[in-house]
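Have a look at the structure below before the remarks.
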Amino acid sequence: MAPGIINDPPSEELATQSSKAEFPPTLYRNVDEASLREKTERHLLYYGTSFNKDVICGAKGLYIYTASGHKILDWTSGQMSCLLGHGHPEIVKTIADHAANLDHLFSGMVSPPVISLGERLCNLLPHGLGKAFFLSTGGESNEAAIKMAKVFTGKFEIVGLGASWHGVTAQALGTQYHFGRKGQGPLMPGMHMLPQPNAYRSVFRRTDGSYDWEAELEYGWRMIDMASCGSLAACIVEPIQSSAGMHVLPTGYLKALKKHCEQRGMLLIVDEAQTGVGRCGDLMAIIHDDVVPDILTLSKTLGNGLPLSAVVTSAEIERVCMERDYCFYTTHVNDPLPAAVGDKVLEIVVRDNLVSHSKDLGNVLYAGLKKLESRYGCIGDIRGRGLMAGIEIVADRSTKQPDLDVAKRIGNKAYELGVWANLSSHPSFGGTFRIAPPITITREQLEFGLEVLEKAFAATPGSQPLY
């Protein structure tokens, strides 16, 4: 099949080919799914989402398997994290070796895998990002970065972008404007919001109708300057706003944002939880944008599914923070086992040229999704970069009214046919599919996934076929 080409709606053979397969070796081959569902309802506490109906009992390569044997191509890399796929043999060996020999230490101790990860990571990053420490989750790394910015600057106000997602701990949540702010009373003081850079829906337009992000950004900073009490410490931003619906920052936006920060004596924090380590066709999105932030945070992709995150900054910021008694001392800071995994992930990504692979297959993915857009009127917008893409579903292209019901039915059909492309049912996500497969995906697997999506759209009433 030529790059990005989607044939006429595929035959019913796809459903059989994709959804039923020999169950892989697993710890949970013969489980009572009905009993497990009942125990889920009885014992597992709600934490903000409803569980999917299927119990997942296996994960291997690019596929996950349900208790009933349904084989599903995982186009979200778990929670956007399994960059190299599930059960990568070198990652499995690294985990086993360190679980047996060097797993967890007192937080003040240092070990070879932590030193190696720090060296490898910093040597891959632009000059000015030469000092790192390692935590567990993205929210934790953002919490640490925000505290670092406050200690370094001696100020406390933090700026985030509308529709952002940075975590659910106190300071990270304070800069998060997508969801989760309500219900707990006052958030951290001094938090401000810039307008979401949404090229598809922004009201800031030039006379030719194109998106005027410069005017929008200037407007946002004017509002913040009026609201600020004069203690602006940092701005935190994602290069691609994934939870917001896979919105890519416009070309030049990150550079302009850094200039605004410098003019106000603020630090720039870039959160590359999902964009980092090759996902978007560059090793880091900051390299694509030619911007060196004051602090970089990583998570998700760095640990290939294990809890691992990083805070990376300059020696000068470290020096000042040390003088001012900066502290982010946690139980699992610089743990050897996850650090060894992160070190191995970086080794594999560089060794196997997976950054260029991600870029090349990203072009195939984008061409295939644009072909879908030309065939189904319910697709309002296609966006993304590399192997990170979004498909926004609308009821009408002229009004851009979201169609959550049609989006959900398309997603359910794709899942039934053997492809999982994350679509949150929560209205805040706006009916956008978020696609981020492991960057080890083959061209054949990618084209198969595109065929399955085509069939899901073709089989769903309301998809507005244009052929």
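The values are calculated or read from the model by the stated rules, or taken from the named source; none is laboratory data. This one's a predicted model, so the numbers in the text were calculated from it and none came from an experiment. Please note: Cβ atoms are built from the backbone with ideal geometry, for glycine as well, and neighbour counts cover all protein chains shown. Ligands, DNA and RNA are excluded from the accessible area calculation, which covers all protein heavy atoms including side chains. Shrake-Rupley method; radii C 1.70, N 1.55, O 1.52, S 1.80 Å.
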Output the residues belonging to region 301-316 that are out of contact with any strand residue (DSSP E or B) (no Cβ under 8 Å at 6 or more places or on another chain) and buried (at least 24 other Cβ atoms within 10 Å of the Cβ). Thr301, Asn304
How do the pairs read when you match residues in region 254-265 that are in contact (Cβ under 8 Å) with a residue 24 or more places away in the chain and farther than 14 Å from Asp289 by Cα with residues anywhere that are in a helix (DSSP H, G or I) and open to solvent by 20 Å² or more (accessible area, probe 1.4 Å), using Cβ under 7 Å and keeping only pairs 6 or more apart or on different chains? Gly265/Thr153
Restricting to region 369-406, and then to whatever is assigned to a loop (DSSP other than H, G, I, E, B), under 13 Å from Arg201 (Cα atoms) and in contact with a strand residue (DSSP E or B) (Cβ under 7 Å, 6 or more places away or on another chain), can you tell me which residue is least open to solvent (accessible area, probe 1.4 Å)? Lys400
Does region 137-151 hold any residues that are open to solvent by less than 30 Å² (accessible area, probe 1.4 Å) and either under 21 Å from Val114 (Cα atoms) or not in a helix (DSSP H, G or I) (or both), and which are they? Gly138, Gly139, Ser141, Asn142, Glu143, Ala144, Ala145, Met148
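Please go through region 286-307 and give me each residue that is on the phi > 0 side of the Ramachandran plot and among the acidic types (Asp, Glu), ordered by number. So that I can check it myself, show each step before the final result.
Step one: of region 286-307, the residues on the phi > 0 side of the Ramachandran plot are 290, 300, 304-305.
Of everything in region 286-307, just one residue is on the phi > 0 side of the Ramachandran plot and among the acidic types (Asp, Glu), namely Asp290.
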Which one of these does Leu44 not meet: (1) exposed (fewer than 10 other Cβ atoms within 10 Å of the Cβ); (2) touching a residue at least 60 places away in the same chain (Cβ under 8 Å)? (2)
Single residue of Glu38, Glu90 found to be part of a helix (DSSP H, G or I), in contact (Cβ under 8 Å) with a residue 24 or more places away in the chain and open to solvent by 30 Å² or more (accessible area, probe 1.4 Å): Glu90
Would region 267-274 turn up any residue that is in contact with a helix residue (DSSP H, G or I) (Cβ under 8 Å, 6 or more places away or on another chain), open to solvent by 20 Å² or more (accessible area, probe 1.4 Å) and closer than 26 Å to Leu121 by Cα? yes
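Let's see how each residue does on (1) closer than 26 Å to Trp165 by Cα; (2) without any contact (Cβ under 8 Å) to a residue 40 or more places away in the chain; (3) not β-branched (Val, Ile, Thr):
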| position | (1), (2), (3) |
| --- | --- |
| Tyr376 | no, no, yes |
| Leu387 | yes, no, yes |
| Glu392 | yes, no, yes |
| Gln401 | yes, yes, yes |
| Val406 | yes, no, no |
| Ile410 | yes, no, no |
| Lys413 | no, no, yes |
| Glu416 | no, no, yes |
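Looking for whichever is open to solvent by 20 Å² or more (accessible area, probe 1.4 Å), without any contact (Cβ under 8 Å) to a residue 60 or more places away in the chain and in the same structural domain as His98 (by the TED database) here; the options are Arg319, Arg324. Which one fits?
Details: Arg324 fails: without any contact (Cβ under 8 Å) to a residue 60 or more places away in the chain.
So the residue among Arg319, Arg324 that is open to solvent by 20 Å² or more (accessible area, probe 1.4 Å), without any contact (Cβ under 8 Å) to a residue 60 or more places away in the chain and in the same structural domain as His98 (by the TED database) is Arg319.
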Region 152-266: strands (runs of 3 or more DSSP E) wholly inside it with 3 or more residues that are surrounded by fewer than 22 Cβ atoms within 10 Å (Cβ to Cβ) are 191-194
Residue in region 287-295 that is assigned by the TED database to the domain that holds Glu143, open to solvent by 10 Å² or more (accessible area, probe 1.4 Å), part of a helix (DSSP H, G or I) and in contact (Cβ under 8 Å) with a residue 12 or more places away in the chain present: yes
Which of the numbered conditions does Phe106 fail, given that it passes all the others? Conditions: (1) open to solvent by less than 60 Å² (accessible area, probe 1.4 Å); (2) not in a helix (DSSP H, G or I). (1)
Restricting the search to region 327-347, which residues are buried (at least 17 other Cβ atoms within 10 Å of the Cβ) and part of a helix (DSSP H, G or I)? Pro336, Leu337, Pro338, Ala339, Ala340, Val341, Gly342, Asp343, Lys344, Val345, Leu346
